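**Student:** Encoded as structure tokens, here's the structure I'll be asking about.
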Amino acid sequence: MTAGDDDDEEQQEMFLHSSTSMLKVKPGISVRSDFQLVPSATALLIIDVQDHLSSSASIAHAEEQEVDEEDDDSSTNSAYLFTTSLPRAIPNMVKLASTMRGLRECPTRQSCKSNSSSNTKDTPGCEVIITFLQSHTPDCRDISLDYKLSGPKLCNIPNPANIATFSTLPIELHPSSVGRGDIILPKTSCSVFQSTNLRYILNNLNIQQLVVCGQLTDECIMSAVRDGADLGFLMTVVEDACAALSLEDHKRGILGMKGFARIMSCQQVLDELTSQHHDGGAGGRIHHDSSKGQQREEHLGDKKYAAVLPAVKDQLLHHEHDPETPLLSVSCPSSWNHNSVSQRIGGIEEAILNTLLNANVEFLRFASIDIVNNMRVKAIPVTSLIQSLNGEMSVITPTLSMLNGRVCISKASMAAVTCYGDNVVPETGLDTKDVLVLEPDIGTLKILPYSPKSAILFGTLHDQRTGHLSPFCTRGLLARVLETAQEKVGVGFAVGVEIEFCLIKLNGEGNVIPIDESFFAGSTLLNDQEAFISELHSYLQKQGIQIEIVHSESAPGQMEVVLPHNLDVMKLADHIVLTRETIKACAKHHGMRAVFSPKPYEDKAGSGVHLHLSLRYRHSTANIFCGASPDAISEIGQSFLEGILSHLKALLSLTIPTTKSFSRIGKGCWTGYAVGWKIEEKESPLRVCIDLRSRRITNVEFKMVDNTCNVYLALASILWSGIDGIHKNMVLRSSADNQDACAPDLLPETLIDSLDYLVSDELLSSLLGGDLLRSYVAIRRNEFEVTKNQNNLEAILSEVSR
């Protein structure tokens, strides 16, 4: 090729938008794949994701008004939208929005801008644009003709008198004014380019690439993509972040946009945005590289922009659609930032301690639960703490808890001894060396009404030398699971619990006497034990723990106390521990003993801890376990449920971890005996529950948990199994009702069998880590051998003597 040919080729380059554009296209040579995403030239466009269109309740109300429409199959289509399409798309939209905002507000990028001569207005890119339906007039007279002809749902869109809301959506999908803020564009027609000034805004910001997601794929998204392409923008459609009324509609929309845009997955978009090759930031430009057939970015400024990109990318979750999806992982103990739990200002702590003193509290208890569910507690006089704080105030940094380093517990006590006594199990590999330091969470502080001279704090356990979270800290493990669920999967949980126990008396000969021979939901126990129940209720309320319901159960002297669903799973776990302690103290106060043994009577019902689990999006309270119809489970709920089922055999070693625990398994025990799920079937280990008031599926009850388990470890493992199902997009197996022709997949019959499943379970073994797994399995195997021939009376007497 001659120099003249080069000149001719350069003259053929077409500049898009304006003379200031830096995106060069060679007609007939360039293809869309040449122009990968560059943050400095890219904006994210989220279309029509709002309560009016993305809330099943709003749509149901609109559909009630459309009964006169002929050939209206919107009810069926809406079911697909809410049970399948939106649950699939919304987590990906959350990732896109979070990543774009993170890049937009990148401190490294901002510092570079401040050192340049450019004004912030001259550094475009990484914009988040949220467009949604909202008219400019209260009576919606300004909306498009198409919307006026499209029924009540689109004819009566949000307006100045009833503005658009986003309350049912994850917080990441709410319009944000944080930092540089999002661009908010109400629209009144299908295409955002037709009813807003979007083109004008994009040109002002020098945005040349638009990443599009939202709903509906074959309607508003397709209109925007085609219009944007015709106006000279490079369009990218995020296929798995778009929702439609049916799979056919979605496929049709994607097919209709292939000639106008690149069709990509969320992960592909995130990879491009966070690639270390795209480090030009606000000053970069993109042009076709004819020598390599691909784009390259020239650096005209913001050279340090690349520094933050790998960190952003590391926090993104890879969603695959096959069983080979890499395992998710929680942060390792050494890298976990425990300050998020324990960071407090010393002056506040001193004030709290003085308040305790004024409330006649003499001792502050520092508590933690060892790996096999023994509560380990040490108490320090409050006056001693105040004096030591005053002496250290000038030498301790004010951002660290001044209660840290006050209490230590030997590592062996937390991870090498059994539930029947402080006997070190050699197979744990631990000895008498080293201690773990308890760093308290001041938010857990409670005055104990049954021991009013004392208050209690929970916390996390840390290595005495490095300060790192200990791998033996199960409360820290649950914290890491919950953080990973929110940050990498975009989900949170709501958990409620039923706690069962038996009330007994001991006579002079050491015989166990049940307080009654009542039956399930009978009145005898409520009448005879009203003073105990009233005091228990009062004591729990004083600790901020609410009781939802209390009733008698089937075994002699057996009761159930129900704690309501809590969006704070860690708080719920703490409340379970405190509730058991309070029950034991109240029972003693009334001349009884509370027995939490899984099987106190050979031929009677056992006592369990039934966990009720539901899902929500991060920072949202809306239940996303339920589907669109009353008897439906959402797609994400189904994957969550299947994840638990896939690991159920191994989970039992963590949730029902004693010899007596496994005597609750079997036909007729109302706990289940085979892997499976059913709707409202108490003989199923996973019972999908229907809410009494809404008459809709709302949660799943995990029945195979009891009071002998470490609740932090049990919750961490159950939720992590469900997260694994979501991460791998697992497909829920058929209900056990539909598997009558198949041989049941029986659950393990003994603790030893379940421990074998745990050791071979890659996900749960990885979650626990080598140290915790080795200690836990060794201790539980030892306990099995020691207690396998223990009778019920011996088990009860052993429990009440501790």
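**Student:** Could you list which residues have their amide H under 5 Å from that of residue 493, counting only those 5 or more apart in sequence or on another chain, with H placed in the peptide plane?
**Tutor:** For residue 493, whose amide H was placed from the backbone, the distant partners under 5 Å are 616.
**Student:** How far, in nm, would the chain grow between residue 756 and residue 794 when pulled straight, counting 0.36 nm per residue and subtracting the alpha carbon separation?
**Tutor:** Residue separation times 0.36 nm, minus the Cα-Cα distance, leaves 11.0 nm.
**Student:** Quote the FRET efficiency, to the nearest 0.05, computed for residue 517 versus residue 464 with a Förster distance R0 of 51 Å and r equal to the Cβ-Cβ distance.
**Tutor:** Values: r = 52 Å, r/R0 = 1.02.
Calculated transfer efficiency: 0.45.
**Student:** Moving to a separate point now. Determine the alpha carbon to alpha carbon distance for each of 505/703; 649/682; 411/446; 660/703 and list only those over 22 Å.
**Tutor:** Working: 505/703 28 Å; 649/682 18 Å; 411/446 26 Å; 660/703 15 Å.
Listed pairs above 22 Å: 505/703; 411/446.
**Student:** Further question: Given R₀ = 25 Å, FRET efficiency for residue 380-residue 505 by Cβ-Cβ distance, to 0.05?
**Tutor:** Working: r = 35 Å, r/R0 = 1.41.
Efficiency, from the Cβ-Cβ distance: 0.10.
**Student:** Determine, at each q value in 0.18, 0.32 (inverse angstroms), the log₁₀ of I(q)/I(0) that the Debye formula gives when each Cα of the range 155-204 is one equal point scatterer.
**Tutor:** -0.78, -1.16
**Student:** Ordering 690, 143 by how much accessible area each has at a 1.4 Å probe, largest first, what is the list?
**Tutor:** So the residues, ranked largest to smallest area, are 690, 143.
**Student:** Which peptide among 507-517, 626-636, 470-480 comes first, and what is the full order, when sorted by highest mean count of other Cβ atoms within 10 Å? Before the final figure, lay out each step's value.
**Tutor:** Values: 507-517: 12.4, 626-636: 20.0, 470-480: 25.8.
Final packing ranking: 470-480, 626-636, 507-517.
**Student:** Also, quick follow-up: Taking a probe of 1.4 Å, how large is the accessible area per residue of the range 451-583, in Å²? Please list the in-between numbers first.
**Tutor:** Values: 4750 Å² over 133 residues.
Per residue, the range 451-583 has an accessible area of 36 Å².
**Student:** Quick one: the Cα spread of the range 550-629 along its three principal axes, in angstroms, biggest first?
**Tutor:** Cα extents, longest axis first: 47, 27, 18 Å.
**Student:** Starting from the amide H of residue 501, placed 1.01 Å from N in the peptide plane, find each other amide H under 5 Å away whose residue is 5 or more places distant or on another chain.
**Tutor:** Distant-sequence amide H within range of residue 501: 559.
**Student:** Which value, in Å² and to the nearest 10, is the accessible area of residue 798 when all protein chains are kept and the probe is 1.4 Å?
**Tutor:** 40 Å²
**Student:** Further, regarding this structure: Return the FRET efficiency for the residue pair residue 360, residue 248: r is the Cβ-Cβ distance, R0 is 56 Å, and the value is rounded to the nearest 0.05.
**Tutor:** Working: r = 70 Å, r/R0 = 1.26.
Here the calculated transfer efficiency is 0.20.
**Student:** Where the accessible area of the range 613-664 is counted over protein heavy atoms with a 1.4 Å probe, how much of it, in %, is carbon and sulfur?
**Tutor:** On the way: 590 of 1240 Å².
Carbon and sulfur: 48 percent of the exposed surface of the range 613-664.
**Student:** Working with all protein chains in place, sort 673, 617 by solvent-accessible area computed with a 1.4 Å probe, largest first.
**Tutor:** Working: 673 70, 617 15 Å².
Largest accessible area first, the residues go 673, 617.
**Student:** Contour minus end-to-end for residue 334 and residue 731, with contour as 0.36 nm per residue of separation and end-to-end as the Cα-Cα distance? List each step's numbers first, then the result.
**Tutor:** On the way: separation 397, 0.36 × 397 = 142.92 nm, distance 3.47 nm.
Gain on extension, residue 334 to residue 731, equals 139.5 nm.
**Student:** A follow-up question, please. Please name whichever of 669, 634, 648 sits farthest to the positive end of the charge dipole of the range 619-680, dipole taken about the Cα centre and charges placed at Cβ: Lys and Arg +1, Asp and Glu -1.
**Tutor:** So the residue we want is 669.
**Student:** Any chance you could look up the accessible area of residue 260 with a 1.4 Å probe, heavy atoms only, rounded to 10 Å²?
**Tutor:** The accessible area comes out at roughly 60 Å².
**Student:** Which order do the peptides 185-192, 442-449 take when ranked by the mean count of other beta-carbon atoms within 10 Å per residue, highest first?
**Tutor:** Values: 185-192: 21.9, 442-449: 17.8.
The densest-packed peptide leads the list: 185-192, 442-449.
**Student:** Please state the relative contact order of the range 655-763 as a whole percent: Cα pairs under 8 Å, 6+ residues apart? Please list the in-between numbers first.
**Tutor:** Numbers: 128 pairs, mean separation 30.0, N = 109.
Taking the mean separation of contacting Cα pairs over the length of the range 655-763, I get 28 percent.
**Student:** Moving on to the next point. Starting from 0.36 nm per residue, how many nanometres of slack lie between residue 550 and residue 603 once their C-alpha separation is accounted for?
**Tutor:** 16.7 nm
**Student:** Roughly how far apart, in whole Å, are the Cα centres of the range 607-661 and the range 79-100?
**Tutor:** 21 Å
**Student:** Put 695, 780 in order of accessible area, largest first, 1.4 Å probe: what do you get?
**Tutor:** 695, 780
**Student:** Continuing with this model, one more query. Relative to the compact-globule scaling 2.2 N^0.38 Å, provide the ratio for the alpha-carbon radius of gyration of the range 368-499.
**Tutor:** On the way: Rg = 16.9 Å, N = 132, 2.2 N^0.38 = 14.1 Å.
Against the compact-globule rule of thumb, the ratio is 1.20.
**Student:** When the convex hull of the Cα atoms of the range 623-664 is projected onto a plane and the area is averaged over all directions, what value comes out in nm²?
**Tutor:** Value for the range 623-664: 4.0 nm².
**Student:** Might you work out the accessible area of residue 570 for me, using a 1.4 Å probe with all protein chains in place, and round it to the nearest 10 Å²?
**Tutor:** 30 Å²
**Student:** Of all GluC sites (Glu not before Pro) in the range 693-791, which ones are in loop regions per DSSP and have a Cβ with at most 13 other Cβ atoms within 10 Å? Could you put the intermediate results ahead of the total?
**Tutor:** Details: sites: 701, 749, 762, 783, 785; in loops: 749.
Here the sparse-neighbourhood loop sites are 749.
The values are calculated or read from the model by the stated rules, or taken from the named source; none is laboratory data. In this text the structure is predicted, and so the values were computed from the model without any measurement. With ideal geometry, Cβ positions are generated from the backbone for all residues, glycine too; neighbour counts draw on all protein chains shown. The protein model used for the area step is the full one, side chains on, heavy atoms only, and it has no ligands, DNA or RNA in it. Shrake-Rupley method; radii C 1.70, N 1.55, O 1.52, S 1.80 Å.
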